[in-house]
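**Student:** Before anything else, here's the structure in question.
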């Protein structure tokens with residue numbers, strides 16, 4: 001079986017963004033693999049360009065990727081002010097590896113990160129994984145409204 005690597009990237013994921021680094025800090029076309037993971041396993045991130053993924057990573061506070069050998073099979077990121085509010089984004093597990101605990105590993109890694117772990121309130125949005133996130137102590141909110149402004 002291939003070795004599992006959980007990478008807690010530095011803020012902005014410099015190695016992944018500029019050099020495509022994966023496990024053991026080795027170049028392995030990581031950005032293209034991330035783009036493929038997002039495109040093949042989501043409906044909301046299918047058309048992200050490499051340029052936009054780089055910008056997204058550059059502006060993220062916490063970034064985690066999960067690899068089996070040299071293939072990326074999981075990803076997640078977060079933004080936060082470090083005390084009051086944070087948001088988890090883009091949590092994705094390759095559909096061929098779902099149900100193996102990898103999603104929990106990604107979320108728990110994000111939640112235990114230095115920047116997030118003491119944040120008072122964390123938000124996330126999901127279309128069809130509410131039951132999964134409820135296992136990790138996220139609760140549905142009915143007292144607030146989600147508003148979106150798209151450009």
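Computed from the coordinates by the stated procedures, all read-outs in this text should not be read as laboratory data. Model, not experiment: these values are computed from the prediction. Counting neighbours? That spans all protein chains shown, and the Cβs are built from the backbone with ideal geometry, glycine included.
**Student:** Measure nothing but the geometry: give the 0 to 90° angle between the long axis through the Cα atoms of 102-112 and the longest principal axis through the Cα atoms of the chain, rounded to 10°.
**Tutor:** 70 degrees
**Student:** Which of these values of percent of Cα pairs over 27 Å apart was calculated from the structure shown: (i) 19; (ii) 14; (iii) 46?
**Tutor:** (i)
**Student:** Separate question: If you fit an axis through the alpha-carbon atoms of helix 30-41 and take the longest principal axis of the Cα set of the chain, what angle between them do you get, 0 to 90°, nearest 10?
**Tutor:** Helix 30-41 and the main axis of the chain meet at about 50 degrees.
**Student:** So, R0 is 25 Å and r is the distance between the beta-carbons of residue 132 and residue 19; what FRET efficiency does that work out to, to 0.05?
**Tutor:** The formula returns an efficiency of 0.15 here.
**Student:** Just order 69-77, 40-48, 56-64 by mean Cβ neighbour count inside 10 Å, highest at the front, would you?
**Tutor:** 69-77, 56-64, 40-48
**Student:** On to the next question. Which whole-number percent gives the relative contact order of the chain, counting Cα pairs below 8 Å spaced six or more residues apart?
**Tutor:** 20 percent
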